[in-house]
Amino acid sequence: MSATVESSIKPSMAERRPSMAERRPSVQTGRRPSVIPHLAGIEDPVLPTIPDQCDVLICGTGLVESILAAALAWQGSNVLHVDSNPYYGDTSSTLTIEQIKAWCASVNRNTPGFQGFSKALLYIPRPDQLNSRDYSIDLTPRIMFVKSDLLSLLIKSRVYRYLEFQSISNFHTFENDSFGKMSSSKEEIFTDQSLSLATKRQLMKFMKFVLESESAQIAKDLEHYKSTPFTEFIKEKYKLTPAQINELCYTLGLSPTPNILTIEGVSRIRRYLSSFDVYGTFPVLYSKFGGPGELSQGFCRSAAVAGATYKLDSQLQSYDSNNKIATFTDGSKVKVTERLVCSPSQAPENAQNVPEKKYEVTRLITIVKKSCKEWFFEGESAAVVVFPPETLPSNNVYPVQVIIMGSGSGCCPQGQCIWYLSTVEKGEKARRDLEEALSKLEESILRESEDSGFDVELTDEDVVSRPDGSISVINSVKLGKSFKEFVPQEKLTYLFKLMFTQYTSVEPFGVVNENVFKKTLKEGTENSVDYQVLYSNMPSAEISYDGIVTEAKLLYSTIVGSDDDFFDVDFEDDEEDTLARNDSAIVDDDDEFKDEMDFEL
Amino acid sequence: MLWMLYSKKSDTIRDDPFRASLERRTRLTKDTRLQKIKKDAVRIARYRALTDRVLDNKQNRVYNGKTLAQTEELLDINPELYTVWNYRRDILLERFKTCDSDAIHDIIKNELALSVEHLRRFPKCYWIWNHRKWCLEYDPLTNWDAEMAMIDTFLKADSRNYHVWQYRRYVVDRMKLGQTSQEQLDTDLQEFNYTTKMINRDISNYSALHNRSRLVKMLFENSPESATVFHTKNKYEFLVQELQMVKTAFYTDPDDSSVWIYLKWLLGDYFIGSISTEQARQVVETAIADINELNQLELEDNGVDNQWCLKSLVFLEQQLAKATGVQSGRKNAILKKLIEQDPMRIKRYENSMD
Amino acid sequence: MTSLDKSKHVAYIKSLDDQKQFLEYWLSEHLRMNGIYWGACALFLMRAENEFDKKTLVEFILNCYDTTYGGFGAFPKHDSHILSTLSALQLLKMYDSLDVINNKKSQILQFIKGLQLPDGSFQGDRFGEVDTRFVYTAIQSLSILESLSPDIVDPAVDFILRCQNFDGGFGLVPGSESHSAQIFTCLATLAIAGQVDKIKDREALEWWLSERQVENGGLNGRPEKLPDRSSWEPG
């Protein structure tokens, strides 16, 4: 980093992880160079002043807002994108330990105005053992299905080039006081010796049905089951066991609530199955070095390339809808010719129009001193664990969803691991569910790692074919044994524990509809500080990125009139002007992405 | 044409609140279009100039480091230019003349690394695979482990890539040339186990089943001592075990044609002809019973027979008759069902009628 | 039934050689000779073969003749290859112009016959790629030149027969997986040689081939693959 940049950034900015551009040199070795554009406030100095005028002002650099900024900038809008924080990402940011501390303090300060979070409890028993900048902690961690609108957008917009993706193959379910891994692929169903031939056939039939469920015929058949609970539907039609149904519904479907209806259940499982084996035998990806926060930055970079202006540390104070003038708390003003978009978390102090926050997500984030590699698939460093309803001693009504991030994810040092637990349960009950799930995870990892004789690093070789041609398969259940007779001899060291509640106007099944936006524009009085401000939403409880692009598109069409030209840009490579970059004539973008995914030769 | 549509729209709707952005869009699209046309013209000129330069040098037989680099540049853009691959090989052959085997190996190592880069982008390009084979022919010190690792990576990415499987068989054959006869047998056995692994990963992997069929034949012919079934040439025992796998497979997915074609081979003349009549009768009857049971389940669930079950039953009835010398009389009834349910192949069924 | 708009098809085929402003045109030089052959086939089917200017066509073909090795390349200055050689011969035959190569015939024959290897197979050019496609291409070329003889045909037939698999189909070389494209080239070779009766396990082959048609009516090249256009590019 150059001296001028260093000196121009505030102390709070100095406390940050290396940015994408710093982590990755502008020109990579190998044949696919990719230039990472600079981002004001990170590698470049922060703008000294706010410009006089812009077409669209966006307050908050959360993921939805960042996608919107990039889409508008590429459409030709003059975008000013600001954030009240000294970092990017807003409510979906990725933070260091010091930033988390400051964030907790501000959450608990109970300042007037909109509160997106509350009750942040932070516990750091050994501060000396935590080097703040070694950590990337997501406020709203998410995983990305391979077949998803966001991944398509990342590829189309070429933002994926600023990121690094890793896969997750292992999805564990807590059942009968132990963990099991679902047989969800054709391979697993075929080789799992614990399944009878009849069950194999039924499971495969169900999987095929789900994959074909978008066909007109099946969609029509499904109409009959419109109001049937999903669990009842599979029990009746496919004769599967309750444990299998739980796995389908909560682990493959990742449903955040119980009692989902058939159509919802089918589409959530389809999301998993259709993502499987697109780029390899895994359904889900996540971005290395942090989730939504990294993605937000990626889209901001893209917006910056298209001409958007960035300014951090800028809190909106009021908006004068008659003269279309936005004023910030430092007194600076900007004329907004078209629209002001604002995240509820960045609303002016006396805002009146902020969307109602009806729903809650309670999160528990811990850093443990264990690699937890026992839970990861060979070569991977993340996993998903689900506690279905009524599997915890607290008789949890809602499932507890857990994302496990090992050191290979670039989010914590070696020998450590971050566990993200969350539930849509509310209040004290939510905290109890999370604590109990945490202790089950603790028992499990101690048991697994203690039993050194049981090598859980499963590889392809687990399929044993004897010289005589017969085949036997070691079941790929990694967390198989029951807890009951287990007495841990060591204790797990927690380095960090953070619990907080997050509020949102988006329900757990997270699809935002456009009426939400039309409503915010109509409501309120002309004299209020936020009349005619277009509000986005706080992040939902959805564990995947689904719904994010939909919301960005809805905001986009609310501003532009339609989403026909949402990212309708031909991203030619301007970075290099040699013919060698003309792969576009030979391979399409998807292929190119696949190459980068699959091969590390 | 999109931008014209938009500009029209903004002309007619005077009060369009979105007019500003529509106009911007018009401007932007127009600009980028012009830019693109210009850029393309530049690219074509550059590509043609490069091609001309390379082909002229080729005609003049200019073999040096610079022309070698030029072929690389051109093949990077278009790996289908077989003429340029040829030229590249001529340059390399010229270079080999002054090299010892270590130096040749180093040059080829570089060629192989380059071709991996190409294959990452064009995994189905014949010319690149062929170039790789050509390289191995000239490499006195091939690292076979590295080759096999490279093949594994590509088959992991696409387990049905015809070219990769082809290359794998080629590499194994080449590798075996330098092995003792015991080592060769072990290699075949390893290859057989590899097909097991690939089939477990995906039972529809017909490429793996194909390779398995030829390895089984090879193993029965050459009988390695470490492999009991193959060593004792006990085809019956192998068949029983293999049929168990096939049964699991067709239960898992009754519509997977790969497995049914493989079953047809297992119960075809190669095996049936070399076990006892009693054994043949037993395996075929067991298979018929299993398939009938599966078809019954399919019938209950779907309301129709499973065509693969029926097709296989026809074949098995034929084999049973062959083994026992007695016609069961069931075959024609099954064929009649097939004629009704699969009219696309009606002629084949009619021809099979007794 | 909908009718075929012949004039549009003809115009489309003719326009294929008028795409010089696109980079793709230049990136496909290596396929030009084959491309023209397929285009000509389509024109012949529509009885519109005269839409190609015969003089220009013959000129182009002669420009692709490679004096160094004696065959035809796919484009001027490109090396001889058996694939482009067959396309060139087919085009000349279709446009009744074989006489323009009278003075080259012996070199062409030498080129083709020189590609045959001791096991009866053919390589595509001097760099050793062996494939049943090339056996067919060579035999077909020799047939057009009316120069087939048992010393060449019989080993080629033997080689083809060794390419048959457990499922009745044929592959690229002995041991290769069956593929519809390869079955075409192998059967065509046997047909030209008049030795189709030498196929073993005909029932299995018919079974395998008839199963290539999948539910939507399309044909696939191999089991459990997606239906594809008919081409001989194994995918």
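The values are calculated or read from the model by the stated rules, or taken from the named source; none is laboratory data. Note that the structure is predicted; figures quoted are calculated from it, not measured. Methodologically, a virtual Cβ is constructed for each residue, glycine included, from the backbone with ideal geometry; neighbour enumeration extends over all protein chains shown. Just the protein is used for accessible areas: all its heavy atoms, side chains included, with ligands, DNA and RNA removed. Shrake-Rupley method; radii C 1.70, N 1.55, O 1.52, S 1.80 Å.
Out of A:209, A:246, A:194, whose Cα points farthest toward the positive end of the dipole of segment A:189-270 (charges: +1 Lys, Arg; -1 Asp, Glu; placed on Cβ)?
Sorting the options by dipole projection puts first A:194.
Between beta-carbons, use under 13 Å as the cut-off and find the net charge around residue A:286, counting Lys and Arg +1, Asp and Glu -1. Before the final figure, lay out each step's value.
Working: positive: A:142, A:288; negative: A:138, A:164, A:294, A:380.
Spelling it out: positives minus negatives among the neighbours equals -2.
Efficiency by 1/(1 + (r/R0)^6): what FRET value for residue A:264 and residue B:173, r their Cβ-Cβ distance, R0 = 56 Å, to the nearest 0.05?
On the way: r = 54 Å, r/R0 = 0.96.
Efficiency, from the Cβ-Cβ distance: 0.55.
Each label point is 7 Å from the Cα along the Cα-to-Cβ direction; what then is the distance between the points at residue B:286 and residue B:64, in nm?
7.3
Which order do peptides A:265-278, A:556-569 fall in by mean Cβ count within 10 Å, highest first? Mind showing how you got there, number by number?
Numbers: A:265-278: 20.6, A:556-569: 18.9.
Ranking, from highest mean packing down: A:265-278, A:556-569.
Going by a ≥ b ≥ c, the root eigenvalues of the Cα gyration tensor, does segment B:119-197 fall in the rounded group (a/c under 1.5), the prolate group (a/b larger than b/c) or the oblate group?
Values: a/c = 2.32, a/b = 1.24, b/c = 1.87.
Oblate is the answer for segment B:119-197, as a/c is 1.5 or above yet b/c matches or exceeds a/b.
For the Cα atoms of chain B, what angle does the longest principal axis make with the long axis of helix B:277-302, in degrees from 0 to 90, nearest 10?
For B:277-302 against chain B, the angle is about 60 degrees.
Assuming a viscosity of 0.692 mPa s and a temperature of 37 °C, what translational diffusion coefficient in µm² per second does Stokes-Einstein assign to segment A:30-128, Rh being the Kirkwood radius over Cα pairs?
Values: Rh = 16.3 Å.
So the translational diffusion coefficient is about 202 µm²/s.
Roughly how large is the C-B contact in terms of buried accessible area, totalled over both chains, probe 1.4 Å, nearest 100 Å²?
Numbers: alone 13230 and 20430 Å², together 28970 Å².
So the total buried area for this chain pair works out to about 4700 Å².
Mind checking Rg over Rh on chain C, alpha carbons, Kirkwood formula for Rh?
On the way: Rg = 18.7 Å, Rh = 19.1 Å.
Value, to two decimals: 0.98.
Which whole number gives the average count of other chain Cβ atoms within 10 Å of the Cβ atoms across peptide B:182-194?
Values: counts 0, 0, 0, 0, 1, 0, 0, 3, 0, 0, 3, 8, 2.
Shielding by partners across B:182-194 averages 1.
Please state the Cα pair-distance histogram of segment C:62-168 with 10 angstrom bins from zero: what percent is in each bin?
Computed distribution, short to long bins: 15, 49, 28, 7, 1.
Specify, per residue and in Å³, the volume enclosed by the convex hull of the alpha carbon atoms belonging to segment B:106-239.
Working: hull volume 13.9 nm³, N = 134.
Given the Cα convex hull of segment B:106-239, per-residue volume reads 103 Å³.
Can you send over the solvent-accessible area of residue B:236, 1.4 Å probe, protein chains only, in Å² to the nearest 10?
Per-residue accessible area (residue B:236): approximately 50 Å².
Carbon-plus-sulfur fraction of the accessible area of segment B:236-354, 1.4 Å probe, in percent? Intermediate values should be presented prior to the final figure.
Details: 2530 of 5020 Å².
Ligands and nucleic acids excluded, carbon and sulfur give 50 percent.
Under 20 Å from the Cα of residue A:429, which lysines turn up, not counting those fewer than eight places away in the same chain?
Result set, ordered by chain and number: A:119, A:357, A:358, A:440, A:497.
Which semi-axes, in whole Å and largest first, does the equivalent ellipsoid of segment A:185-275 have when worked out from the alpha carbon gyration tensor as the square roots of 5 times its eigenvalues? Present the calculation step by step, with values, prior to reporting the outcome.
Details: eigenvalues 81, 42, 33 Å².
Value: 20, 15, 13 Å, ordered largest first.
Ignoring ligands, DNA and RNA, how much accessible area is buried between chains A and B, both sides summed, with a 1.4 Å probe, to the nearest 100 Å²? Please report the intermediate quantities before stating the final value.
Numbers: alone 25530 and 20430 Å², together 40770 Å².
Chains A and B together bury roughly 5200 Å² of accessible area.
Ordered by residue, what ³J(HN,Hα) values in Hz, to whole numbers, does segment A:78-90 give under the Karplus form 6.51 cos²θ - 1.76 cosθ + 1.60, where θ = phi - 60° and Gly and Pro are x?
Values, residue by residue: 8, 9, 10, 10, 10, 9, 6, 8, x, 9, 8, x, 6 Hz.
Regarding the protein assembly as shown, what are the three Cα extents along the principal axes, ordered largest first, in Å?
Computed over the Cα atoms, the extents are 98, 72, 69 Å.
If you take each beta carbon of peptide C:160-170 and count the beta carbons of other chains within 10 angstrom, what is the mean? Could the numbers behind the result be given before it?
Numbers: counts 0, 0, 0, 0, 0, 4, 14, 9, 4, 2, 0.
Per-residue shielding by partner chains comes out at 3.
Assigning unit charges at the beta carbon (Lys, Arg +1; Asp, Glu -1) and nothing else, what dipole magnitude in debye, to the nearest 20, does the protein assembly as shown show about its Cα centre? Before the final figure, lay out each step's value.
On the way: 139 positive and 173 negative charges, 312 e Å.
Its charge dipole is roughly 1500 debye.
So for segment A:351-427, what are the equivalent ellipsoid semi-axes in whole Å, largest first, each being the square root of 5 times an eigenvalue of the Cα gyration tensor? Can you show the working numbers first?
Details: eigenvalues 165, 65, 20 Å².
Value: 29, 18, 10 Å, ordered largest first.
How large is Rg/Rh for segment C:142-235, to two decimals, with Cα atoms and a Kirkwood Rh? Walk me through the numbers before you get to the answer.
Numbers: Rg = 14.1 Å, Rh = 14.0 Å.
Dividing the radius of gyration by the Kirkwood radius yields 1.01.
If you take each beta carbon of peptide A:184-190 and count the beta carbons of other chains within 10 angstrom, what is the mean? If you can, show how the numbers build up before the last one.
Working: counts 0, 2, 8, 6, 2, 5, 11.
Neighbouring Cβ atoms belonging to other protein chains average 5 per residue here.
Tilt of helix B:19-59 relative to the longest C-alpha principal axis of chain B, in degrees (0 to 90, nearest 10)?
80
Taking the simple approach of a point 7 Å from Cα along Cα-to-Cβ for both residue B:152 and residue A:177, what is their distance in nm?
4.1
Quick check on packing: order A:279-290, B:69-80, B:98-109 by the mean number of other C-beta atoms within 10 Å, highest mean leading. Show your work: numbers first, answer last.
Details: A:279-290: 22.3, B:69-80: 19.5, B:98-109: 13.8.
Highest to lowest by the protection proxy: A:279-290, B:69-80, B:98-109.
With every atom except the alpha carbons ignored, what do you get for Rg and Dmax of segment B:218-322, in angstroms?
In Å, with Rg to one decimal and Dmax whole: 14.7, 50.
If the cut-off is a Cα-Cα distance under 16 Å, which lysines reach residue B:336, setting aside same-chain residues fewer than 8 apart in sequence?
The qualifying lysines are B:311, B:347.
Over all directions, average the projected area of the Cα convex hull of chain B and note it in nm². The partial results should precede the final answer.
On the way: hull surface 118.5 nm².
Averaging across all directions leaves 29.6 nm² for the Cα convex hull.
Could you list the residues of segment A:558-572 with an amide nitrogen less than 16 Å from a label point located 7 Å from the Cα of residue A:518 in the Cα-to-C-beta direction?
A:558-563
What's the FRET efficiency of residue B:144 with residue B:98 using the Cβ-Cβ distance as r and R₀ = 25 Å, to the nearest 0.05? Mind dumping the intermediate values first?
Numbers: r = 27 Å, r/R0 = 1.07.
In this case the efficiency is close to 0.40.
Structure shown: which of B:124/B:156; A:181/B:264; B:38/C:20; A:200/C:225; A:186/B:197; A:181/B:235 lie over 25 Å apart, alpha-carbon to alpha-carbon?
Working: B:124/B:156 15 Å; A:181/B:264 34 Å; B:38/C:20 14 Å; A:200/C:225 23 Å; A:186/B:197 14 Å; A:181/B:235 37 Å.
A:181/B:264; A:181/B:235, as the Cα separations exceed 25 Å there.
If one takes the longest principal axis of the Cα atoms in chain B, at what angle in degrees, from 0 to 90 and to the nearest 10, does the Cα axis of helix B:331-341 lie?
Helix B:331-341 and the main axis of chain B meet at about 30 degrees.
Once you list every other residue whose beta carbon is under 10 Å from the beta carbon of residue A:142, what net charge do they have if Lys and Arg are +1 and Asp and Glu are -1? Walk me through the numbers before you get to the answer.
Details: positive: none; negative: A:138, A:542, A:546.
Result for the neighbourhood of residue A:142: -3.
Within straight cross-link reach of residue A:156, meaning Cα distance under 18 Å, which lysines are found once same-chain residues fewer than 8 apart are removed?
Result set, ordered by chain and number: A:147, A:553, A:594, B:36.
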